[in-house]
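Following: one structure in structure tokens, then a few remarks.
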Amino acid sequence: MENGKRDRDDMEVQTAPRKPRVLLAASGSVAAIKFGNLCHCFAEWAEVRAVVSKSSLHFLDRLSLPREVTLYTDEDEWSSWNRIGDPVLHIELRRWADVMVIAPLSANTLAKIAGGLCDNLLTCIVRAWDYSKPVFVAPAMNTLMWNNPFTERHLCSLDELGVTLIPPIKKRLACGDYGNGAMAEPSLIYSTVRLFWESQSLVRFRAVSKRWNSLLNNKSFINKHLSLSRPHFILLTKSKIYSIDIIDQRVTLRELHSSCRDSNLQYSRITTCDELLFCKYPPFHSKMETALWSPCLRQANLIKLYSVGKEFNAFGLGYDNSGPQKVHKLLLYHPPQVAAIYECASHVLRYINAPYEVRMPEIDRRSHVSLYGNLYWIDYNLQTGEYFIQSFEFTREIFKPFCLLPLQDNHCLNELRLAVWKGDRFSLLKQKFLRRKIEIWVTKNKIDDKEEVVWINFMTLTTTNLPNLFHKKCGVSYFIYDKTLFMCCGDDEASHPCIYIVKGDVCNKIQIGYGQITLIPHIKKRLACGDYGNGAMAEPSLIYSTVKTLLGVGGASAKCWNKFKP
Ligand SMILES: Cc1cc2nc3c(=O)[nH]c(=O)nc-3n(C[C@H](O)[C@H](O)[C@H](O)COP(=O)(O)O)c2cc1C
């Protein structure tokens, strides 16, 4: 009887799902006074252990932590180890934890993590971390520190590691200044981590509980969380792909690294569709491949079109939304008139009818866009001489002329670019051949099949230092945000990649890849020690003239620009 009971208990122990193990860490920011509160939030849901840096102990009150939470400091790292064979605390904690949350993250610890330094218990755990397990960071620092270019550089390194940022908020800081840099509230940090954790386990299931189902179908829940997402745009240069992010009028570039990118081969086009990037290689390159890439999930898939037989080229990506699950499809073509559909999940290829008049231009400088899973591009009616938007609907697999463009007397060499505006409308950029003036048109209403499309002239930009898009051969894309035009130009033989930020009659040109620190190279001469060689500082007159020239040009560029408002 006794044994039988023990067996049952053992069984229960083995089958009951264990709580997630969360390692909470605090570094030396004043926000560490909230660490006790943070531990209380997590302790109700997870098994919690805490690690703190020496500086954080100036701010946090050990007694504010829940009794069941063990607190580890740098002293414990050394006092628990005496001889070879003893467990090493940072390795043990790294093994124990399912998730690590560093809140607050000080500027110093951020820099150390970005550089791989590990001179205390907290940073040793991070340095030994297995990045298939999630790490969250909630920075907290003075606005001046937050806005310092180092912060962005260091955050980019953390992003590359797969660390998730819980951004700071704007408020009156401990030092009295008002601005961005305060740690997110403990309740938000907790809900972010918990939502992530639970959604990770949810994605494995086809069915979820009633409560989750109603939550996931609740429009206000979805809208609330979608409203937290920020606009993201993609910039393609010859060798790199950046995501452009705008937070509080701050423009941030983040390089996206794709595991399937062939460094010898450049993508000729990138379009976004349903959180996926469709990356197109130049037409008819020897490998006949195309890539689908999810930067969110950090996964990329190469689709080898040569394996499907004919010499197909991928034209665009979309999805069929008619079933319970989205079915992603590629529209393929083989000139002059053969079209096919490739289903990404099943790898099935099917030929489809392409009406004679439909053209799928190979080298299209005018951008293809994806909206609600359908594909749209600018086309020209040879009979009527009119420019219009052609569409391909992936659900019914049909081509359809969508609407005319608002162009009178259009010259065939005018520059036209199509983009998605506000997530559910189109915008059109038009620049007259060899003129600089740019017109931006937008559709008045949401795009749907029922309503007639009405175009309105959104803005006309006449500033003289606009680029001439006719001469830009590579990767011109644009987006409108807050009545400002952001025009991204890839690099070519003649110029470096850059972003033009145009508002009213002011146009700022920002070159990418140039930091704010400019190197004035040293020179060769007899050095103070008597040796002859390189290493002497440039002459003061040269330093002076270099700085003067740079300032005269309008300032160097950086990866991040505070306040793009001209
Ligand atoms: C009163 C006071 C408040 C501070 N607040 C912050 C802060 O909010 N954020 C920050 O990054 N550094 C802050 N610092 C500086 C850090 O404590 C300092 O850089 C320290 O070396 C961080 O060490 P740690 O990253 O190892 O914890 C503050 C310093 C003092 C004296």
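The values are calculated or read from the model by the stated rules, or taken from the named source; none is laboratory data. Just so it is clear, the model here is predicted, and its values are computed rather than measured. When we count neighbours, we look across all protein chains shown, and the Cβ atoms used for this are built from the backbone with ideal geometry, even at glycine. Heads up: the accessible areas ignore ligands, DNA and RNA and are worked out on the full protein's heavy atoms, side chains in. Shrake-Rupley method; radii C 1.70, N 1.55, O 1.52, S 1.80 Å.
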Does region 10-225 classify as rounded, prolate or oblate by the C-alpha gyration tensor (a ≥ b ≥ c root eigenvalues; a/c under 1.5 gives rounded; else a/b over b/c gives prolate, otherwise oblate)?
-> oblate
For region 103-155, what does the equivalent ellipsoid look like in terms of its semi-axes, each the square root of 5 times an eigenvalue of the Cα gyration tensor, given largest first in whole Å?
-> 20, 11, 10
Per the rule of 0.36 nm per residue minus the C-alpha distance, extending Lys170 to Lys437 adds in nm 92.3 nm
Karplus ³J(HN,Hα) for region 59-67 (6.51 cos²θ - 1.76 cosθ + 1.60, θ = phi - 60°; Hz, whole; x = Gly/Pro) runs 10, 8, 9, 4, 6, 7, 7, x, 4
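What's the ranking of 172-179, 311-318, 440-447 by average number of surrounding C-beta atoms within 10 Å, highest first?
Descending packing order for the listed peptides: 311-318, 440-447, 172-179.
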Could you look at region 10-225 and say what percent of its accessible area is carbon and sulfur, using a 1.4 Å probe and all protein chains?
-> 55
Percent of Cα pairs exceeding the 17 Å cut-off, where the set is region 323-404 | 49
If you plug each phi of region 97-105 into the Karplus form 6.51 cos²θ - 1.76 cosθ + 1.60 with θ = phi - 60°, what whole-Hz ³J(HN,Hα) values come out, in order, with x for Gly and Pro?
-> 6, 8, 9, 10, 10, 9, 8, x, 9
Would you please give the residues with an amide H less than 5 Å from that of Ala25, counting only those at least 5 places away or on a separate chain, with H modeled from the backbone geometry?
-> Val51, Val101, Ile102, Ala103
Quick one: Karplus J couplings for region 120-131, per residue in order, coefficients 6.51, -1.76, 1.60, θ = phi - 60°, nearest Hz, x for Gly and Pro?
-> 8, 4, 4, 6, 5, 5, 5, 5, 9, 5, 9, 6
Pull out the extension gain between Gln511 and Asp448, defined as 0.36 nm times the separation in residues minus the alpha carbon to alpha carbon distance; nm, one decimal.
-> 18.9 nm
With each pseudo-label sitting 7 Å past Cα toward Cβ, what's the Arg425-Cys156 distance in nm, one decimal?
-> 3.4
Length gained if Ser545 through Gln383 is fully extended, taking 0.36 nm per residue and subtracting the Cα-Cα distance, is 52.4 nm
Violations at 24 Å Cα threshold for listed pairs Lys240/Lys422; Lys444/Lys503; Lys210/Lys450; Lys54/Lys170; Lys112/Lys524 -> Lys240/Lys422; Lys210/Lys450; Lys54/Lys170; Lys112/Lys524
Cα gyration tensor, region 21-119 - rounded (a/c under 1.5), prolate or oblate = oblate
Please give, to one decimal in nm, the separation of the simple spin-label points placed at His496 and Glu255, each 7 Å out from Cα toward the Cβ.
-> 1.4
How high is the FRET efficiency from Ser55 to Val338, r the C-beta distance, R0 60 Å, rounded to 0.05?
-> 0.35
Quick one: which of 456-469, 117-130 comes out on top by average Cβ neighbours within 10 Å, and what's the full order, highest first?
-> 117-130, 456-469
Rounded to the nearest 5, the percent of antiparallel DSSP beta bridges in region 10-225 equals 15
